[in-house]
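What follows is calculated from the coordinates using simple rules that are stated; it is not laboratory data. Just so we're clear, the structure is a prediction, and the values are computed from it rather than from any experiment. Using ideal geometry, Cβ is built from the backbone for each residue, glycine included, and neighbour counts are taken over all protein chains shown.
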Amino acid sequence: MNSVVMTGRVVQDLNLKKTANSQYCRFRIAVDRRLKRNESDYFTCVIWGKGAEALVNHSYKGAKVSISGSLVTSEYTDNSGNKRIDYEIVVQDFDILDFKTKEMRNPITEEAHEIAQQPDISQISTDDLEDMGLPFEF
């Protein structure tokens, strides 16, 4: 049985790529080693179809994700004539453990946006304040 389950952090910005018949996202995750502090292993992953679209729309660089899928190997010859083996996890299912919408990742938070929309009080005259119907006089 070829089954892989990992939990790690996305190490790059996610991009959706399209083929003639489908769409996919290739990304890498960093998985902490269990017994060694401050050491991680990096794995290349690929997810296809609607799953790729969901991952790109709801995850981000640095997010913690749990993936499950299968390990696929491919052999090729590099430009120098050396035979190489490449390993990739084909993701079939995933969970986003640090779920954030794109709006939440925007550096301008909702509170900052509200503050930016408030008028500059240095530009308000006392006549304007009297017109506001405040319960005290100036």
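Numbers for the structure displayed
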read-out	value
Ascending count of other beta-carbon atoms within 10 Å, so fewest first, for 96, 67	96, 67
Amide H partners (placed H, <5 Å) of residue 97, local residues excluded	64, 65, 66
Amide H within-cut-off set for residue 92, under 5 Å, with H built and near neighbours excluded	68, 69, 70
Angstrom value of the Kirkwood radius, inverse mean 1/r, which spans all Cα pairs in the range 1-53	12.6
For the range 6-27 versus the range 36-56, the gap between their alpha-carbon centres in whole angstrom	8
At most 15 other Cβ within 10 Å, DSSP loop - chymotrypsin sites (Phe, Trp or Tyr not before Pro), the range 16-99	99
The range 4-100 - Rg over Rh from alpha carbon coordinates, Kirkwood radius	1.01
